[in-house]
Amino acid sequence: MSNFKSLLLISVSAAIIFGALPVFADANNTYINGSLGRQFFDSDRLLKNEQLISIGLEHRYSNGWGAEIFWMDSSPSGRNNAAGSDLTQYGIDGLYYFNSDENNKQGSANQPYGALGLGYADFKNSVRFDKGAQLRAGLGLRVTLNEHWSVKGDLRLIYSNEASAIDNTFTVGLSYALNKQNKKVLPVPSDNDNDGLIDDYDSCPNTSVGVEVDSTGCALDTDGDGVPNYADNCPATPAARAVDVNGCKFALISKVEVTLKVNFARNSNVIMEEHNPEIEKVANFLKKHPEVTTVIEGHTSSRGADDYNIELSKARAEAIKTVLIERFVIDAGRISTLGYGEARPIATNDTEAGRLANRRVVAVIETEVSE
């Protein structure tokens with residue numbers, strides 16, 4: 001591309017873009033950009049990386065679009081005994097600000113953008129003059145400071161057609177807006193019930209003031225019984241337990257019982273060692289339920305006279321009572337005894353096994369408990 005064609009293309013582009021400014025007069029702003037930076041040259045140029053100064057005039061359109069005419073100047077030194085240059089670069093870039101929208105033409109306080117444009121470079125030194133068109137692409141960020149001032153950082157990749165070289169520039173500077181910038185102010189999240197959780201994330205946005213809430217914004221229910229802490233008179237109810245409106249468990253009435261069964265040898269009221277665990281079981285039940293009383297019933301087989309069997313059955317019941325009182329310290333007033341003799345057999349008296357089953361002491365002790 002000839003130098004004349006390059007200049008002509010840049011001039012035409014600038015005329016088209018900036019000539020259209022009045023069309024967008026209700027949604028535009030113009031910036032004067034001043035930056036300092038550094039240019040990193042392609043190794044084929046035999047130039048050392050050098051600081052640069054940049055001045056630009058930028059205009060913003062609707063929907064985040066903009067354009068900037070720029071001028072840059074630097075004086076890079078030569079490498080490997082090559083001559084240095086006085087370098088002037090100018091051109092025009094199209095810009096697109098990514099986070100702009102129809103409702104806020106100039107976006108938020110932090111505005112990243114992309115750039116694509118055309119430039120022209122003029123290298124001058126004591127040996128020769130090099131000129132050439134450039135294709136420019138890059139990324140940048142504008143940070144709004146107040147109604148007029150912002151900071152702008154920019155990184156560009158520059159391709160020079162005539163020299164087939166790729167250079168880079170990095171610049172940072174200040175930018176002044178001729179019109180006031182509409183710095184985007186984010187809406188303050190609302191917290192209708194003042195529980196510390198914004199309404200967008202609050203599952204219970206109308207919690208009463210002062211009520212302690214959980215991570216979802218609902219009244220805290222520590223024991224998980226469905227009654228929130230502020231209304232729970234029993235805040236430590238066991239898990240999965242049914243409760244009333246005050247958070248307290250219902251009184252659950254249940255019937256508990258224990259059965260005593262001890263067999264005896266013929267004509268004997270001596271307790272065999274193997275039946276001690278059975279008696280201990282009854283003792284533990286009576287200790288656990290101190291309000292319970294019990295009647296211990298003694299029985300015999302049909303062998304022997306009726307009067308004798310009555311007394312023997314009573315003696316067997318008394319033997320169990322004595323063990324409960326003396327060994328397990330059960331109050332005597334809670335235990336009574338009866339002797340039924342042979343009147344209530346549970347098995348036949350025609351066999352030895354049946355008669356053994358009938359020679360017994362039994363008690364069924366039951367009570368109702370509430371939980």
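Things to note:
- For P76, the criteria (1) assigned to a helix (DSSP H, G or I); (2) crowded, with 21+ Cβ neighbours inside 10 Å hold in every case but one, which is (1).
- Criterion violated by T300 - all others in (1) free of Cβ contacts under 8 Å to residues at least 12 places away in the same chain; (2) closer than 23 Å to E342 by Cα; (3) of a type outside the set (D, E) satisfied: (1)
- Condition check for N161: among the polar types (S, T, N, Q), at pLDDT below 80 and under 21 Å from W71 (Cβ atoms): yes
- Restricting the range 331-344 to residues that are part of a loop (DSSP other than H, G, I, E, B) and either modelled with pLDDT under 90 or surrounded by fewer than 19 Cβ atoms within 10 Å (Cβ to Cβ) (or both) leaves a set whose member that is nearest to the chain's Cα centre (by Cα) is D331.
- The residues of the range 244-258 that are modelled with pLDDT under 80 and either in contact with a Phe, Trp or Tyr (Cβ under 7 Å, 6 or more places away or on another chain) or not hydrophobic (A, V, I, L, M, F, W, C) (or both), listed by number, are D244, G247, K249, S254, K255, E257, V258.
- Test: L356 is over 60 Å from the mean Cα position of the chain (by Cα), surrounded by fewer than 18 Cβ atoms within 10 Å (Cβ to Cβ) and not in a loop (DSSP other than H, G, I, E, B): yes
- Residue tally, condition of a type in the set (K, R) and in contact with a helix residue (DSSP H, G or I) (Cβ under 9 Å, 6 or more places away or on another chain), over the range 297-336: 4
- Neighbours by Cβ (under 8 Å, 6+ apart or cross-chain): first from the range 340-368, closer than 23 Å to A283 by Cα; second aromatic (F, W, Y) and in a loop (DSSP other than H, G, I, E, B): R359/F264; R360/F264; V361/F264
- Extreme residue, farthest from S302 (Cα to Cα), among residues of the range 257-278 that are of a type in the set (A, V, I, L, M) and surrounded by 13 or more Cβ atoms within 10 Å (Cβ to Cβ): V258
- Filter result for G173 (modelled with pLDDT of 85 or more and not aromatic (F, W, Y)): yes
- Within the range 189-203, the residues that satisfy the criterion of being of a type in the set (S, T, Y) and part of a loop (DSSP other than H, G, I, E, B) are S190, S203.
The values are calculated or read from the model by the stated rules, or taken from the named source; none is laboratory data. Fair warning: this is a prediction, and the values are worked out from it, not measured in the lab. Please note: Cβ atoms are built from the backbone with ideal geometry, for glycine as well, and neighbour counts cover all protein chains shown.
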